[in-house]
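The values are calculated or read from the model by the stated rules, or taken from the named source; none is laboratory data. From a predicted model like this one, the values you see are computed outputs, not experimental measurements. As a convention, Cβ positions derive from the backbone with ideal geometry for all residues, glycine included, and neighbour counts pool all protein chains shown. Quick note on the areas: whole protein, heavy atoms, side chains included, nothing else; ligands and nucleic acids left out. Shrake-Rupley method; radii C 1.70, N 1.55, O 1.52, S 1.80 Å.
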Amino acid sequence: MPFCRVLFSAAAVLAAAAVSVPPSRAEAPLRVGDGVLEPVALSALPGWHADDAAAALDAFRRTCAAPDPNPPQAAGVTGNPADLAAACAAAADVGTDKAKKFFEGRFSAYRIVRPANGAEPERRAGFLTGYFEPELVGSLEPGPGYAAPVLARPDDLVTLAPGETAPGLEAIYKAGRRTTNGLEPYPDRAAIEDGAVAAHTRPVLWLRDAVDLFVLQVQGSGRARLPDGRSVRVLYDGKNGQPYTSIGKLLVAEGHLPLNGLSLERWTTWLRANPDHARRLMRMNKSYVFFRVEPVEDARLGPPGAAGAPLSPGRSMAVDGNLWRYGLPFFLEGKLPGQPGRGHLVIAADTGSAILGPARGDLYVGTGAKAGVAAGDLHDRMGFVVLLPKPVGEPRP
């Protein structure tokens with residue numbers, strides 16, 4: 001598959017070049033959201049020389065080769081598309097032993113610094129969480145033990161692009177329902193569960209219960225093992241555009257579980273033990289996700305992220321897609337659970353509704369129960385260094 005296919009049309013290049021100027025071409029300091037970018041030397045960062053840059057290069061190439069994101073990113077996100085395309089082209093011929101030299105030569109590094117805010121002093125650290133691909137039990141047909149339908153994308157669902165608005169929809173809605181009179185808010189979770197969109201969709205898979213379905217929707221994708229032993233990938237295919245509410249916050253706010261030690265296993269166990277409360281609490285999250293089912297092509301990789309590329313465990317990160325262009329490398333300054341060293345090079349390949357701000361990331365850690373535990377353990381302050389591609393034509397060291 002050819003490289004350099006991530007959002008690099010001529011129109012995108014011209015539009016982004018007009019509003020996203022690399023630091024070397026702009027007056028300092030460069031600001032992204034509430035962050036200021038301070039130049040740093042990659043080779044001087046603690047942990048840089050010990051990290052496996054070859055694994056990050058592999059993830060970078062995979063993101064470069066992906067189809068255009070759908071929905072596309074706004075033109076003004078940081079990361080010049082022409083310069084990133086040139087870096088993608090150069091990556092095709094780089095040997096794994098030259099990975100560090102490639103990133104040092106093709107990118108300029110900037111630590112993301114967030115200035116003081118009210119009572120908070122200057123904050124150099126951002127915040128990193130983890131997410132994973134759940135492995136569930138499912139069936140292509142309903143039956144005993146398979147009671148929760150996974151719904152396909154409805155034919156009347158219209159998804160808005162980032163920043164797009166539509167007549168008849170308030171700004172809080174990110175999708176709408178197509179009607180003869182235009183768009184209207186799409187039904188929320190409770191209405192969908194009660195059959196409000198039954199005429200416009202169909203089940204593509206059946207899971208054992210509503211809690212498994214809820215976990216799948218929170219994570220955004222997953223794998224399902226079928227009765228015959230095969231596995232299929234259950235991929236995000238749109239959502240109803242209603243606001244998202246964290247069930248963990250609800251459980252803590254109502255006093256059902258303490259915040260300390262609130263893991264996926266703990267809250268799912270509680271929901272199954274308290275079905276009446278569970279249904280009410282899950283319905284308080286109005287957001288609802290729809291899916292499609294595809295074969296698992298490479299069991300080592302995760303599902304496609306928002307960038308369109310399969311996610312690489314430990315090397316693909318979700319970022320604020322309204323601020324950063326997919327494909328940008330980031331160096332995480334800090335210790336990751338279960339990882340050696342104190343630095344980790346990752347690639348922006350996904351996004352999420354809770355991932356907001358320039359120094360906020362969600363690291364994809366893998367598939368299955370062990371990955372779920374690792375993701376639950378990852379919620380730490382972390383330093384973020386973004387690598388922006390050097391301008392085309394700039395001399396290389």
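Observations
- Residue match in the range 203-222 (condition: within 19 Å of residue 300 (Cβ to Cβ), in contact with a strand residue (DSSP E or B) (Cβ under 7 Å, 6 or more places away or on another chain) and part of a strand (DSSP E or B)): yes
- So residue 79, is it open to solvent by 10 Å² or more (accessible area, probe 1.4 Å) and either touching a residue at least 24 places away in the same chain (Cβ under 8 Å) or not hydroxyl-bearing (Ser, Thr, Tyr) (or both): no
- Conditions (1) free of Cβ contacts under 8 Å to residues at least 40 places away in the same chain; (2) loosely packed, with under 15 Cβ neighbours inside 10 Å; number of the one not met by residue 225: (1)
- Of the residues in the range 290-301, at least one is over 20 Å from residue 85 (Cβ atoms), surrounded by fewer than 16 Cβ atoms within 10 Å (Cβ to Cβ), among the hydrophobic types (A, V, I, L, M, F, W, C) and touching a Ser or Thr at 6+ places or on another chain (Cβ under 6 Å).
- Strands (runs of 3 or more DSSP E) within the range 265-379 that include 3 or more residues more than 17 Å from residue 220 (Cα to Cα) and not small (Gly, Ala, Ser): 329-333, 343-350
- Subset of the range 166-185 [open to solvent by less than 100 Å² (accessible area, probe 1.4 Å), free of Cβ contacts under 8 Å to residues at least 40 places away in the same chain and of a type outside the set (A, V, I, L, M, F, W, C)]: 168, 177, 179, 182, 184
- Looking across 218, 158, one residue alone is open to solvent by 20 Å² or more (accessible area, probe 1.4 Å), within 30 Å of residue 77 (Cβ to Cβ) and in contact with a Ser or Thr (Cβ under 9 Å, 6 or more places away or on another chain). It is 218.
- Selection from the range 331-357 of residues that are in contact (Cβ under 8 Å) with a residue 40 or more places away in the chain and hydrophobic (A, V, I, L, M, F, W, C): 331, 332, 336, 345, 346, 347, 348, 349, 354
- Members of the range 245-264 found to be part of a helix (DSSP H, G or I), free of Cβ contacts under 8 Å to residues at least 24 places away in the same chain and surrounded by 15 or more Cβ atoms within 10 Å (Cβ to Cβ), listed by number: 248, 252
- Positions within the range 143-176 being out of contact with any helix residue (DSSP H, G or I) (no Cβ under 9 Å at 6 or more places or on another chain) and outside any loop (DSSP other than H, G, I, E, B), in sequence order: 143, 146, 158, 159, 175, 176
- Close pairs (8 angstrom Cβ cut-off, 6 or more residues apart or separate chains): without any contact (Cβ under 8 Å) to a residue 60 or more places away in the chain in the range 55-67, surrounded by fewer than 22 Cβ atoms within 10 Å (Cβ to Cβ) and not in a helix (DSSP H, G or I) anywhere: 57/94; 61/3; 61/92
- Given (1) open to solvent by 20 Å² or more (accessible area, probe 1.4 Å); (2) modelled with pLDDT under 50; (3) closer than 23 Å to residue 90 by Cβ, number of the condition residue 55 does not satisfy: (2)
- Qualifying residue in the range 323-342 (condition: in contact with a His (Cβ under 6 Å, 6 or more places away or on another chain) and surrounded by 24 or more Cβ atoms within 10 Å (Cβ to Cβ)): yes
- For the range 30-52, a residue qualifies if it is assigned to a loop (DSSP other than H, G, I, E, B), under 21 Å from residue 306 (Cβ atoms) and open to solvent by less than 20 Å² (accessible area, probe 1.4 Å), but none of them does.
- Test set (1) out of contact with any strand residue (DSSP E or B) (no Cβ under 7 Å at 6 or more places or on another chain); (2) crowded, with 19+ Cβ neighbours inside 10 Å; (3) not in a helix (DSSP H, G or I) - residue 102 fails condition number: (3)
- Which numbered condition residue 169 fails, given (1) more than 19 Å from residue 283 (Cβ to Cβ); (2) modelled with pLDDT of 95 or more: (2)
- Of all residues in the range 58-76, exactly one satisfies the criterion of being closer than 14 Å to residue 164 by Cα and crowded, with 22+ Cβ neighbours inside 10 Å, namely 73.
- Scanning the range 55-100 for residues that are in contact with a Ser or Thr (Cβ under 7 Å, 6 or more places away or on another chain) and among the polar types (S, T, N, Q) yields a count of 2.
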